[in-house]
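Notes to accompany the following structure.
The values are calculated or read from the model by the stated rules, or taken from the named source; none is laboratory data. Not measured: the values here are computed from a predicted model. So basically every Cβ, Gly included, is an ideal-geometry build from the backbone, and we count neighbours across all protein chains shown. Heavy atoms of the whole protein, side chains included, go into the accessibility calculation; ligands, DNA and RNA do not. Shrake-Rupley method; radii C 1.70, N 1.55, O 1.52, S 1.80 Å.
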Amino acid sequence: MGIMMKSLTLKKVTAFAPASVANVGCGFDVLGFAIDGPGDEVEVQFSDDPGVVITHIEGDQGKLPLDPEKNTAGKAALSLLHALDEASSSGIEMKIIKKMPMGSGLGSSAASSVAAAVAVNRLLGEPYSAKELLPFAVAGELTASGSPHADNVAASLLGGFVLVRSNDPLDVIDLPSPDNLFCTIVHPKIEIATKETRQILRKEVPLAKAVVQWGNVGALVAGLYTNDLPLIGRAMQDVIIEPTRSFLIPGFSRMKESALEQGALGFSISGAGPSVFTLSETVEIANKVGEKAGNVLDDLGLEYDVIVSEINRKGAFIRYEE
Ligand code: HSE
């Protein structure tokens, strides 16, 4: 394509991408929504050396690679430059600011990839629409998760609820986000790597379980369209992934039981965990659920964070530019 970068007006851009809850119970790798609060920022500016150079990563405790080929944000930026045929002529300097915990189940790697794709796209004069950035952000997240899936990435990029009809080719559908839906996230402070929690999953699914699961995915989508919150709650059941992964999360059954007792619509694992989430009809229930789940983790002597958030409908955005 050949972009005349030096003639572009922007010198520096910072983008923010929000955390997200993937799977939403029943929709392994196909459903997700964005939340308010935590997220990642990526700052980019032009440099004279072609390619992408990551100069600094803040908030990662030295855990993330500076090599752009191995870094989710770096890889997202590189794949965007490649698609524009700019990788050998354009130079991007990148700074990553992690503002959310890694390995938490809140889509941290997706948020970095999305913020990078959005920031670089803006710096280059927005050759792509938001939705067109999806493949680049997915390519970035692939470096962390080991398999291409767009549920966190699409939610973080576009905001609201999303359905990934297909990962290959990518086909992502925006779903409605009902008002009066409050999410509680409880994040026990232990780290779980998505790559590993994907490896422990069975590759085959018994037909009877598949039937339950796809009934629930369809019902959840219907619930979002019709604003039927009890239906959304009934549909949030995951009979395939949760039974395997929940063993890795201390206090999972007790937290679930107490959340449902408090009136939460449903409770499940956020992404690959260890965070868990509920959806509730009122902020009071959402707060109570967080408090009670926290009590369970207190009993186990574990540290945790609780986040109560509405559904984030905005997705990623440009925070600063000059
Ligand atoms: N759908 C993904 C999973 C989300 O559950 O493994 C985490 O990347």
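Hey, can you rank 16-24, 73-81 by average C-beta count inside 10 Å, highest first? List each step's numbers first, then the result.
Details: 16-24: 29.9, 73-81: 28.3.
Descending packing order for the listed peptides: 16-24, 73-81.
Compare GLY39, GLY251, GLY25 in a GNM of the chain, Cα atoms joined below 10 Å, and give the one with the largest fluctuation.
Sorting by GNM fluctuation, first place goes to GLY251.
If you plug each phi of segment 293-303 into the Karplus form 6.51 cos²θ - 1.76 cosθ + 1.60 with θ = phi - 60°, what whole-Hz ³J(HN,Hα) values come out, in order, with x for Gly and Pro?
In residue order, the calculated couplings are 5, x, 4, 4, 6, 4, 4, 8, x, 9, 7 Hz.
So if I take the centroid of the Cα atoms in segment 45-89 and the same for segment 278-315, what is the distance between those two points in Å?
Their Cα centres are 35 Å away from one another.
What percentage of the solvent-accessible surface of the chain, computed with a 1.4 Å probe over protein heavy atoms, is contributed by carbon and sulfur atoms?
Values: 7020 of 13410 Å².
Using a 1.4 Å probe with all protein chains present, the chain comes out at 52 percent carbon and sulfur.
Where Lys and Arg each count +1 and Asp and Glu each count -1, what net charge lies around LEU31 among other residues with Cβ under 13 Å from its Cβ? Each step should come with its number before you reach the end.
On the way: positive: ARG165; negative: ASP29, ASP151, ASP174, ASP238.
Summing Lys and Arg as +1 and Asp and Glu as -1 gives -3.
I'd like the accessible area for ASP179, computed on protein heavy atoms only with a 1.4 Å probe and all protein chains in place. Round to 10 Å², please.
Approximately 100 Å² of ASP179 is accessible to the 1.4 Å probe.
Hey, rough spin-label estimate for LEU248 and ASP179, points 7 angstrom out along Cα→Cβ, what's it come to in nanometres?
Calculated label separation equals 3.9 nm.
Let me spell out the model: positive unit charges on the Cβ of Lys and Arg, negative unit charges on the Cβ of Asp and Glu, origin at the Cα centre of the chain. What dipole size does that give, in debye rounded to 20? Display every interim value, and only then the final one.
Details: 27 positive and 40 negative charges, 78 e Å.
About 380 debye.
Restricting to bridges with both residues inside the chain, how much of the DSSP beta-bridge set is antiparallel, in percent to the nearest 5? Walk me through the numbers on the way to the answer.
On the way: 48 of 55 bridges.
Around 85 percent of the beta bridges assigned by DSSP in the chain are antiparallel ones.
Whose amide H sits under 5 Å from the amide H of LEU265, counting only residues 5 or more places off or on another chain, with H placed in the peptide plane?
Those qualifying (amide H under 5 Å, at least 5 residues apart or on another chain) are LEU279, SER280, GLU281.
Ordered by packing density, taken as the mean number of other Cβ atoms within 10 Å over each peptide's residues, highest first, how do 221-230, 287-296 rank?
Details: 221-230: 16.2, 287-296: 20.3.
Put in order of decreasing packing, that is 287-296, 221-230.
In terms of solvent-accessible area of protein heavy atoms at a 1.4 angstrom probe, what is the ranking of LYS12, LYS70, LYS98, highest value first?
In descending accessible area the options line up as LYS70, LYS12, LYS98.
For segment 104-173 and segment 183-234, write down the distance between their C-alpha centroids in whole Å.
Value for the Cα centre distance between the two parts: 20 Å.
Per-residue accessible area for ARG198 at 1.4 Å probe radius, Å² rounded to 10?
Accessible surface of ARG198 is approximately 40 Å².
Less than 12 Å Cβ to Cβ from MET255, Lys/Arg counted +1 and Asp/Glu -1: what total charge do the surrounding residues give? Walk me through the intermediate numbers first.
Numbers: positive: ARG254, LYS256, LYS292; negative: GLU257, GLU261, GLU291, ASP298, ASP299.
Neighbour charge sum, excluding MET255 itself: -2.
Might you report the magnitude of the Cβ-based charge dipole of segment 79-224 about its Cα centre, with Lys and Arg at +1 and Asp and Glu at -1, to the nearest 20 debye?
Numbers: 12 positive and 14 negative charges, 112 e Å.
Using only the charged Cβ atoms, the result is roughly 540 debye.
Give LYS98/LYS256; LYS63/LYS99; LYS98/LYS292 a once-over and call out the pairs whose C-alpha atoms are over 19 Å from each other. Intermediate results must be reported in sequence, preceding the final value.
Values: LYS98/LYS256 29 Å; LYS63/LYS99 14 Å; LYS98/LYS292 29 Å.
Too far apart for the 19 Å limit: LYS98/LYS256; LYS98/LYS292.
About its Cα centre, what dipole magnitude does segment 182-310 give when the only charges are +1 on Lys and Arg Cβ and -1 on Asp and Glu Cβ, stated in debye to the nearest 20?
Working: 12 positive and 16 negative charges, 117 e Å.
Charge dipole, segment 182-310, about its Cα centre: 560 debye, nearest 20.
Excluding ligands and nucleic acids, what accessible area in Å² is computed for HIS82 using a 1.4 Å probe, to the nearest 10?
HIS82 exposes around 110 Å² with every protein chain in place.
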